[in-house]
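A short worksheet on the structure shown next.
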Amino acid sequence: MIKYIVQTVSIFFFTVFSLSAQNSVLTGVVRDAYSNERLPFVNMVIYETTRGTTTDENGEFRLENLEPGFLRLQLSSVGYEPHVTEEILISAVRSNYIEIQLTPSSTTLEEVEVVANPFPRRDESPLSLQRIGIDLIEKGAGSARDFSKVLQSFPGVGTTPSFRNDLIVRGGGPSENSFFLDGIEIPVLNHFSTQGASGGPVGIINVDFIREVDFYSGAFPASRGDALSSVFEFKQVSPNREKTNFKSTLGASELSLSVNTPISDKTTALFSVRRSYLQFLFDYIGLPFLPTFTDFQFLTRTRIDEQREISFLGIGALDEFALNESADDSEENRYILNYLPVTEQWNYTFGASYKRFFSDSYCQISLSRSHLNNRIYKYADNDESKDENLINDYLSEEIDHKLRFEHFANPGEWTISTGFNLEHANYYNRTFNRIYRGDTSLISDYESDLHFFKWGLFASVSRRFVDERLSLSGGIRSDANSYSSSMNSLLQQVSPRISASWLLTPDISLNAATARYYQLPAYTTLGYKDSSGNFINKDNDLKYIGADHYLGGVEWRPARNVRIALEGFYKDYFNYPLSLDDGVSLASKGADYGVLGDEEVSSISEGRSYGLELLMQRRSSGDFSYIIAYTWVNSEFTNSDGDYLPSSWDSGHLFTVTANRDLGNNWDAGLKWRYIGALPYTPYDREKSERVEAWDIRNREYLDFSRFNSERLEHFHQLDLRIDKSYYFDNYSLGFYLDIQNVYNFQSKQAPRLIQKLNENQEPIVVTPENGEPRYSLKELQTSSGTVLPSIGVILEF
């Protein structure tokens, strides 16, 4: 049925234009990963076939008569590790070009027969590492080409039953992750991002430019700090050296245009811009809010000579979140309009990276600037005509300037990396906020302008022993900053890490790692001021948040393109900021729009998150691929009394099945079914919520934190289906996809809410008891989320 729908949508184009047979070509260069030298006479075949070629004396290769679609290359050469590339998207229109790097090996092919592993393995990270290819990003069901949704297919990744992209890894909060784009750190991954965390409804990164993504849920490289739960390394494609190509996509929520072009003999570039049309769709179906976003992304790469190259990149977004007061007059819409603020947010990151190669090593120097501007305001009854109606007005800026130096060497049997980072941070905050605390209303009115430096050192070393069956790696990093005396010494935040892997048989390995990680609290917490204008959290001796990781697992490869991995993890948190207002760890916050961490805290909360993960994965370019992932996780943090309570991410069980199938004749189909266990929630405090003075400030229920996360929602599950069809013509290609989310319309009940009762004049009912304060008459509002969400996308490349 789904295939028929897509065929009906695209039949017009099939009948109007004559179809041409396409003989696509892939060209490229193979280089030494450390010296950047071109490697001649490297053998390569298309993975899972016998068809291939060999690089010439200049390290260049050319594969002709290829069918458009995805393929992988398997490479081998004397003195180098066998290598299997990630999926390469072969276009029938543009020139297909790739640069491949091979890692030197101390064991030659004559000494031992080594089979190339299609799954990534690194001595520094022998487990808890997933490499995500462009095939799953482009055609994964339910993802709508949004990378944050693709992650839901992998073990350890939790989600909330909503349309947000909060990244929850192994029971950690959404603020515990860091992201790097070609080695440049990007602080914001999603549009309408929660400041101080990582969540939002739509990803910023344009997947047209992504070649592969390394996802670390543990065993982080020593060069990557300021993360407690995960690290992401996004690697972009090599720009086209021969001719200019364009790609336009009409997706589920936006229209995009990408350009891949040479600029000169030595310089190539990528450019893209996207604009959403969600506001029209939301207005048409009567929703109470109207989101609009625009984003851009670019990369230029200049090969100065064979030993030197320089890159410039940028990524940014403009987000506007308006209220739709003409929305359907339902109780749920009225509830949302009463409390939801207006949001205006923009951000960007610009960076430059210089690489210099030597005989057996290279160094990389990176400079970047990131800027986030966030404005949030709310007026009573959404009436901006009177100043006294202002409930809150928040304006904040975060500006970072970063310098990073890294040196990577491969002297003989050793792999060594060293480096340092130096950063300057500027946080500005102007806050006016009416709050209700205890039994009285207060006004928080302050302005912060915080400047401080951050610095860090890191080093790691790896080597293989016992005929390369045993690999050992050790690393250390240390971070400090000038914010306070509690954090200004490198000796106070020493982060050692050790990993090991033992190859029991050619197909079975035992892996283990342990490490200590540190992360700086959010700028919103560092820059918070009390009513006297003091940096109260600095006075409270705010510290780096720490977590000790203990990991162990076994991996079995029953076939060359299949792996089964079982991992256990234990994360022991310390120095987590605890809210002194509600007695809750900030680890359980951050999955809502707005700001995380702008309150008085103390670094006294502890936490633990532990569990098991099972992964079964099959990768095949032209046949059937699947990911079956199960996670059992327990996540809990201490409150102000020192008692362990379930965190907001304590789902218990996560189970996902993702599958993709090549149906032939340029048809592809995919599905994703996911299950999330019952998440905890905090009941409301009816007595406090009924107070007129309290309600008029918040316009929604207050939570009873004495019963924090004492109740559970129902479990959540959802099925997504997708089918793709592509047509290839002489000068352009045309693709269609139909993506249906929540096929069987599962309804997920949300936590109970409170809403005002209205009289016949649509005015709130106020009850005044004898000798008592006025109170609103409230009733419980029970809502659910979930609807069948079909979307059709069109991809034009020319």
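The values are calculated or read from the model by the stated rules, or taken from the named source; none is laboratory data. Given the structure is predicted, the values throughout are model-derived calculations rather than measurements. Cβ coordinates were reconstructed from backbone atoms using ideal geometry, including for glycine residues, and neighbour counts include every protein chain displayed. The accessibility values were calculated without ligands, DNA or RNA, using every heavy atom of the protein model including side chains. Shrake-Rupley method; radii C 1.70, N 1.55, O 1.52, S 1.80 Å.
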Top-ranked residue of region 340-358 - restricted to ones that are closer than 30 Å to Pro411 by Cα and open to solvent by 20 Å² or more (accessible area, probe 1.4 Å), ranked as nearest to the chain's Cα centre (by Cα): Ala352
Any hit, region 574-585, residues being under 30 Å from Ile498 (Cα atoms), of a type in the set (S, T, N, Q) and in a loop (DSSP other than H, G, I, E, B): no
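Being within 17 Å of Arg722 (Cα to Cα) and in a strand (DSSP E or B) is the filter here; which residues of region 741-798 pass it? I'd like the intermediate steps shown before the answer.
First pass over region 741-798, keeping only residues within 17 Å of Arg722 (Cα to Cα): 741-745, 787-795.
The answer is Gln741, Leu789, Pro790, Ser791, Ile792, Gly793, Val794, Ile795.
Mind listing just one residue for me: the one in region 463-482 that is polar (S, T, N, Q) and farther than 17 Å from Arg121 by Cβ and, of those, most open to solvent (accessible area, probe 1.4 Å)? It would help to see each step written out before you state the result.
Going through region 463-482, the residues polar (S, T, N, Q) turn out to be 471, 473, 478, 481-482.
If we keep only those that are farther than 17 Å from Arg121 by Cβ as well, we get 478, 481-482.
On the way: Ser478: 15, Asn481: 0, Ser482: 58 Å².
Checking each candidate, the answer is Ser482.
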The lone exception for Asp720 - which of (1) open to solvent by 50 Å² or more (accessible area, probe 1.4 Å); (2) touching a residue at least 60 places away in the same chain (Cβ under 8 Å); (3) over 30 Å from Asp383 (Cα atoms) it fails: (1)
Long-range neighbours under 6 Å by Cβ, at least six apart or interchain, first residue farther than 28 Å from Tyr428 by Cβ and of a type in the set (Asp, Glu) within region 397-413, second open to solvent by less than 50 Å² (accessible area, probe 1.4 Å) and at pLDDT 95 or above: Glu406/Ser223; Glu406/Gln364; Glu406/Gly419
Matching strands (runs of 3 or more DSSP E) fully within region 400-504 where at least 3 residues are of a type outside the set (Lys, Arg) and under 24 Å from Asn374 (Cα atoms): 414-437, 440-465
Enumeration of residues in region 529-545 that are more than 21 Å from the chain's Cα centre (by Cα) and closer than 22 Å to Glu606 by Cβ: Ile536, Asn537, Lys538, Asp539, Asn540, Asp541, Leu542, Lys543, Tyr544
Residue ID - nearest to Arg131 (Cα to Cα), chosen from residues in region 161-217 that are open to solvent by 10 Å² or more (accessible area, probe 1.4 Å) and in contact with a His (Cβ under 7 Å, 6 or more places away or on another chain): Val202
Options Val259, Val237, Val231, Val157: the member that is of a type in the set (A, V, I, L, M), crowded, with 22+ Cβ neighbours inside 10 Å and under 30 Å from Tyr97 (Cβ atoms): Val231
Any pair with Cβ under 6 angstrom, 6 or more apart, that starts in region 35-46 at a residue that is on the phi > 0 side of the Ramachandran plot and ends at one that is at pLDDT 95 or above and assigned to a strand (DSSP E or B): Asn36/Phe357; Phe41/Thr54
Of all residues making up region 668-683, the number that are open to solvent by 40 Å² or more (accessible area, probe 1.4 Å) and either polar (S, T, N, Q) or under 30 Å from Lys779 (Cα atoms) (or both): 1
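Can you find even one residue in region 129-142 that is among the polar types (S, T, N, Q) and at pLDDT 85 or above?
yes
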The lone exception for Lys243 - which of (1) touching a residue at least 60 places away in the same chain (Cβ under 8 Å); (2) under 28 Å from Ser495 (Cβ atoms); (3) assigned to a loop (DSSP other than H, G, I, E, B) it fails: (2)
Restricting region 487-502 to residues that are of a type in the set (A, V, I, L, M) and open to solvent by 60 Å² or more (accessible area, probe 1.4 Å), the residue that is farthest from Leu566 (Cα to Cα): Leu491
Given (1) buried (at least 16 other Cβ atoms within 10 Å of the Cβ); (2) touching a Lys or Arg at 6+ places or on another chain (Cβ under 9 Å); (3) not acidic (Asp, Glu), index of the condition Phe282 fails: (2)
Output for region 250-260, where each listed residue is closer than 27 Å to Glu185 by Cβ and modelled with pLDDT of 90 or more: Ser256, Leu257, Ser258, Val259, Asn260
Odd one out for Ser689, checked against (1) farther than 30 Å from Arg170 by Cα; (2) open to solvent by 60 Å² or more (accessible area, probe 1.4 Å); (3) at pLDDT 95 or above: (2)
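When you check Lys266 against the structure, is it in contact (Cβ under 8 Å) with a residue 40 or more places away in the chain and either closer than 27 Å to Arg477 by Cα or not acidic (Asp, Glu) (or both), yes or no? Give the derivation first.
Numbers: in contact (Cβ under 8 Å) with a residue 40 or more places away in the chain: no; either closer than 27 Å to Arg477 by Cα or not acidic (Asp, Glu) (or both): yes.
In short, no.
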Flag if Leu734 is open to solvent by 30 Å² or more (accessible area, probe 1.4 Å) and not small (Gly, Ala, Ser): no
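In this structure, is Ile740 aliphatic (A, V, I, L, M), touching a Pro at 6+ places or on another chain (Cβ under 9 Å) and under 30 Å from Gly69 (Cα atoms)?
Numbers: aliphatic (A, V, I, L, M): yes; touching a Pro at 6+ places or on another chain (Cβ under 9 Å): yes; under 30 Å from Gly69 (Cα atoms): yes.
In short, yes.
Is it fair to say Ser272 is modelled with pLDDT of 90 or more and in a loop (DSSP other than H, G, I, E, B)?
Numbers: modelled with pLDDT of 90 or more: yes; in a loop (DSSP other than H, G, I, E, B): no.
Spelling it out, it is not the case that Ser272 is modelled with pLDDT of 90 or more and in a loop (DSSP other than H, G, I, E, B).
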Hits in region 628-662 - residues which are open to solvent by less than 40 Å² (accessible area, probe 1.4 Å), under 20 Å from the mean Cα position of the chain (by Cα), of a type outside the set (A, V, I, L, M, F, W, C) and farther than 17 Å from Gly590 by Cβ: Thr631, Thr656, Thr658
Single unsatisfied condition, Arg661 versus (1) modelled with pLDDT of 95 or more; (2) under 22 Å from Val743 (Cβ atoms): (1)
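Within region 664-683, which residues are of a type in the set (A, V, I, L, M, F, W, C), part of a strand (DSSP E or B) and either in contact (Cβ under 8 Å) with a residue 60 or more places away in the chain or within 27 Å of Leu586 (Cβ to Cβ) (or both)?
To start, the set of residues in region 664-683 that are of a type in the set (A, V, I, L, M, F, W, C) comprises 667, 669, 671, 673, 676, 678-679.
Next, only the ones that are part of a strand (DSSP E or B) stay: 667, 669, 671, 673, 676.
Residues satisfying the conditions are Trp667, Ala669, Leu671, Ile676.
Here's a check for you: in region 285-326, which residue that is of a type in the set (Gly, Ala, Ser) and in contact with a strand residue (DSSP E or B) (Cβ under 8 Å, 6 or more places away or on another chain) is surrounded by the fewest Cβ atoms within 10 Å (Cβ to Cβ)?
Residues of region 285-326 that are of a type in the set (Gly, Ala, Ser), as a first pass: 286, 311, 314, 316-317, 322, 326.
Now restrict to residues that are in contact with a strand residue (DSSP E or B) (Cβ under 8 Å, 6 or more places away or on another chain): 311, 314, 316-317, 322.
On the way: Ser311: 21, Gly314: 19, Gly316: 20, Ala317: 24, Ala322: 15.
It comes out as Ala322.
In region 569-593, what residues are open to solvent by 20 Å² or more (accessible area, probe 1.4 Å) and under 23 Å from the mean Cα position of the chain (by Cα)? Let's see the steps before the verdict.
Filtering region 569-593 down to residues open to solvent by 20 Å² or more (accessible area, probe 1.4 Å) leaves 570, 572, 574-575, 580-582, 589, 591-593.
Of everything in region 569-593, those that are open to solvent by 20 Å² or more (accessible area, probe 1.4 Å) and under 23 Å from the mean Cα position of the chain (by Cα) turn out to be Tyr570, Asp572, Lys589, Ala591, Asp592, Tyr593.
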Unmet criterion (only one of (1) crowded, with 16+ Cβ neighbours inside 10 Å; (2) charged (D, E, K, R); (3) at pLDDT 95 or above) for Arg334: (3)
Residue tally, condition acidic (Asp, Glu) and part of a strand (DSSP E or B), over region 343-395: 2
